[in-house]
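Comments concern the structure below.
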Amino acid sequence: MPPRRDIDLRAGLLRATEEILSEQGLDKFTLREAARRSGVSHGAPAFHFGDSAGLLTAYAAEGFNAMTHLMLRYRSEAKRDRKSQLVAVGLAYVDYAIEHRASFQLMFRSDRLKNEDLYLKEAAKRAFEQLKEVVAPFLAHGDSGERDRVRLLWAWSLVHGFATLVLEGQMAHFQGEVAAADVTHRLGRTLVESFVAGWSGEDS
C-alpha cells in the first residue's frame with residue numbers, strides 16, 4: 001500500500017483537477033496550477049503522474065469508477081425485472097453526466113488521455129459492463145450477433161447523446177417554464193423508459 005502522504009497527495013491533485021476543469025475548462029488545465037491548488041511543488045504532479053495527460057487520465061478513470069458506483073446504486077434501488085434494471089443504468093449514466101460535467105466530458109476525450117493506460121481501460125470496461133449486463137436480457141442469444149451489437153450501441157448512443165445535448169445547452173426547446181434540472185431528469189427518464197418499452201414490445 002502506498003504511504004499515506006502519497007494517497008493524500010494523489011487525492012489532492014485529483015480534487016484540484018476537478019476544480020480547474022469545472023472553473024476554467026480543459027484548455028486552461030496545467031500541472032503547475034494543479035500543484036498550486038494542492039499546496040505542493042510544481043514538480044510533484046509530474047513525479048506521480050508523469051505529465052498533464054497522466055493526471056487527466058487518472059482523473060478520468062476515477063470518473064468511470066464513480067459512474068459505475070452510481071449505476072450499481074441505482075440498480076440496487078430499482079426493481080429486479082429487466083426493464084427496471086436497464087432504466088436504472090440509463091438514468092445513472094445521464095445523472096452522472098449532468099452532475100459531473102467536467103469529469104464526464106473528459107472521460108471521452110481520447111485526444112487528451114493516455115488511452116492505453118491499464119487503470120483507465122479497466123475503469124471504462126467496468127462501466128461499460130454494467131450497460132452490457134442490463135442490455136443482455138433483451139438480446140437474441142442466437143445467431144443474430146450483428147443485431148445484438150447494434151442494440152447495445154443503440155442503448156449507449158441514446159443515453160450518451162441525451163447527456164451530451166443537456167451539457168451543450170441544447171434543451172431550451174423542451175424547458176418551457178420549468179427549471180432545467182427538473183426537465184432534464186424527467187425527460188431523461190421518459191426517454192429511457194420509452195426506449196425500453198419499445199424493446200419489450202418487440203420481444204413480446
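Just the protein heavy atoms count here, and of the accessible area of segment 64-142 at 1.4 Å, carbon and sulfur take up 53 percent.
Semi-axes of the equivalent ellipsoid of the chain: what are they in whole Å, largest first, if each equals the square root of 5 times a C-alpha gyration tensor eigenvalue?
35, 20, 14
Cross-link partners for K125 among the aspartates and glutamates, with Cα-Cα distance under 20 Å and sequence neighbours closer than 8 places in the same chain left out: E62, D95, D111, E116, D117, E133, D148.
Based on DSSP loop calls and a cut-off of at most 13 other Cβ atoms within 10 Å, the longest stretch of the chain free of exposed GluC sites (Glu not before Pro) is what?
Longest site-free region, per DSSP loop and neighbour criteria: 1-115.
Remark: the chain carries 56 Å² of accessible area per residue (probe radius 1.4 Å; ligands, DNA and RNA excluded). Counting only residues at least eight positions apart within a chain, or on another chain, the lysines with an alpha carbon under 23 Å from that of K28 are K114. A Förster distance of 41 Å, applied to the separation of the beta-carbon atoms of D81 and L167, puts the FRET efficiency at 0.85. For segment 76-93, the Karplus equation 6.51 cos²θ - 1.76 cosθ + 1.60, evaluated at θ = phi - 60°, returns couplings of 5, 8, 8, 5, 8, 5, 5, 5, 5, 5, 5, 4, 4, 5, x, 5, 4, 4 Hz by residue, with Gly and Pro reported as x.
The values are calculated or read from the model by the stated rules, or taken from the named source; none is laboratory data. Because the structure is a prediction, the values reported are computed rather than measured. In this analysis, Cβ positions are derived from the backbone assuming ideal geometry, glycine residues included, and neighbour counts consider all displayed protein chains. Only protein heavy atoms, including side chains, enter the accessible area calculation; ligands, DNA and RNA are left aside. Shrake-Rupley method; radii C 1.70, N 1.55, O 1.52, S 1.80 Å.
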